[in-house]
1. What is the one condition in (1) surrounded by 15 or more Cβ atoms within 10 Å (Cβ to Cβ); (2) modelled with pLDDT under 80; (3) hydrophobic (A, V, I, L, M, F, W, C) that Ala587 does not satisfy?
2. Give the residue that is nearest to Ala235 (Cα to Cα), with candidates limited to residues of segment 25-52 that are among the hydrophobic types (A, V, I, L, M, F, W, C) and part of a helix (DSSP H, G or I).
3. Could you check segment 561-579 and list, in sequence order, the residues that are buried (at least 22 other Cβ atoms within 10 Å of the Cβ) and modelled with pLDDT of 85 or more?
4. Considering each of Gly156, Gly129 in turn, give the residue that is at pLDDT below 90 and either assigned by TED's automatic domain parsing to the domain that holds Pro188 or buried (at least 18 other Cβ atoms within 10 Å of the Cβ) (or both).
5. Does Arg105 satisfy the condition of being surrounded by fewer than 20 Cβ atoms within 10 Å (Cβ to Cβ) and under 30 Å from the mean Cα position of the chain (by Cα)?
6. Which one of these does Gly298 not meet: (1) at pLDDT below 80; (2) surrounded by fewer than 16 Cβ atoms within 10 Å (Cβ to Cβ); (3) in a helix (DSSP H, G or I)?
7. Look through Ala169, Ala190, Ala179, Ala174 and report the one residue that is under 33 Å from the mean Cα position of the chain (by Cα), hydrophobic (A, V, I, L, M, F, W, C) and at pLDDT 90 or above.
8. Checking Lys205 against (1) part of a helix (DSSP H, G or I); (2) under 26 Å from Ile109 (Cα atoms); (3) of a type in the set (Lys, Arg): exactly one of these is not met. Which one?
Amino acid sequence: MKNPFASSLFAPGQATVASIHQNELDALFTLVRHLEGVSLASPEPGASLLLTASRAGAGKTHFLARCQALTAGHGFWIPLRFAPEQDLSWKELTLALASRLHSARTQGISQLDEVAWFAFSRLVQAGLGEGKVVVEDPPAAREQLDTRFREIFAPGTPESRFDWFSGTAKTLLASCGTACATSLGCEPSALAGWMRWLLTYTSPKSDPANRWERLALSLERAAGKESTWKECFQALARLASGVAPLVWSVDHLDRFFSVPQASRQLISQLSEVATLVPRSLLIFSANQDLWQQTMMPGVPGALQDRLAAHSIQLGPLTPEQAEELVTSRLYSVARADEKSRAFLRRLNFHQIPGSGGLTPRAILRWASAAWDMRENLPNPVTDTNSSADPQLSVQRAREKLHAVAEALRSQSGPGLGEIPALVPHPTAPLPPPLQTQATAPPSLAQQFQEIRLCHLSGQSHAPDWKRIQRLVATVGQRFPSIRQRHLDSGTGTNGEALCWAIADREIFIGFAPPTSYRFWRHLNALASEPDTSGKLRLRKVVILLPAGEPVSPEALKTEESGVPVDLIPIDADLAATLHAADDLLQANLRHAGGLSDARLFGFLAKELDFFWRRLTRRPVETAGVPAETSGAGTA
């Protein structure tokens, strides 16, 4: 098998591997969520955050990618990469923002489409305020425009008003464009330009294959001066931040180390970006030496304070975190079989070489060397009747071990020293592999994988709904961002039901076989009841079902309620994972006398992250059609 630790540098596919910096991730997640409450026209500048580390290889890029994955439903991430010789201008920033929004997808929809529909809703709301759009119930119409602008303006949907809007947009712009621009905090002329361009961009008549090229060409023709580009940038950024807060991540700044003038220009312009967009977060990611020696000198003190108002420093790792990192990387590419567990047992995480503290890069290089050594060791002789010459066997062993030693010497990780030659005596057996101390307790990851494998090796792989309900209910009770309530499952039914209220959505989760028709009809009826919370929330019904099992239309019948149904197939692997998580949680609760372990909950939050995100995904489909039918492993 390919060495799972061969790459110690971040690759995009590694964003799914859990981060070992959970506390820091929680802090950044909280900051992004805070931006959702900031007004579009706020006079305050956007937030800034400095992500640093004392040395290279601390995992800053992986940390940013992981946070982007976890906050995908709460912010638009705009990665920015610059070179010292690059001419940083408002034109470049505008094109970078528009291109990113065009290419990024939220549940299959271009983020730029969402921005366009939001822009249309704001212009119609301005028309309501100016008396140019007349409806029977203006407050209800405003609420619908605020919360359901995607459904209202997406072309081709049953309730779409796109055709009506495209026919009245020119009149509305002439009479209400200034009021709309004032509410957004941008220039009326720039807003009018974006309204025209976005109407063309979202029109069903536009060819999806070249609509980005047409938009870029329109921008080039309309915006000529740098001041015009700045207004154009601000209008688009304000519109985009109305859909979700913008997170600008500035990484890979090493090339600026010897160019202080370019560094100061970069900081000056990006700090102005934060000023122009209140609902935004600007993240600078740089090692401490680069930040202190190159980026900060010459920057005014007030700006320095603002840029470092929030900071996160990724420090050295503990041996326990090193074990967690190696285990998660191994199991992300390999099965949790006996071969993988045997490899982990051979490692002593308290004896990793290195000075100045452990970094993820150094740990992965150390694990890579250990993996190569294990793969190159000679296989033990099992055939006692073999007539092979012992001297030749020893010679092959000597050659393999010499190759391993040479490979280890070539590793560039810190602290790797000379490997003494291992030459076994012709009549003596090879030394046994290194073992960890027998008294060392297994890690949470090891316990979890062993329990999971026991479930996979059992005869029944069917989901146990009561155990899965207990796991979900315990997690929902633990985390403050989830408002959980138990639902009446109905008379004569054999299921359990929960409701999770998270931000702008309510999720009705049923735990019963798909053939429990009465239970699912009752749950659909509960989901269709009027919302008395005072907030118009999106709702969906979640059906967990064994993978490959057909679902009766009775269970999906939601025409009366208009509540979408989200199907989450539970295959044997996912069922074993959920059952193992419940076993580990219940054992901990019994051992702690009813008190849960925060470390265990943090582990389960990361280990089952794909499942929680799949469970809470935002509903987007129309009534009577399943919201999602793909496997639970996607997010």
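1. (1)
2. Among them, the one singled out is Leu35.
3. Within segment 561-579, Ile570, Leu574, Ala575, Thr577, Leu578, His579 qualify.
4. Only one candidate qualifies: Gly156.
5. yes
6. The one condition Gly298 does not meet is (3).
7. Ala190
8. Of (1) part of a helix (DSSP H, G or I); (2) under 26 Å from Ile109 (Cα atoms); (3) of a type in the set (Lys, Arg), only one is false for Lys205: (1).
The values are calculated or read from the model by the stated rules, or taken from the named source; none is laboratory data. Everything numeric here is computed off the predicted structure, so don't read it as measured data. In this analysis, Cβ positions are derived from the backbone assuming ideal geometry, glycine residues included, and neighbour counts consider all displayed protein chains.
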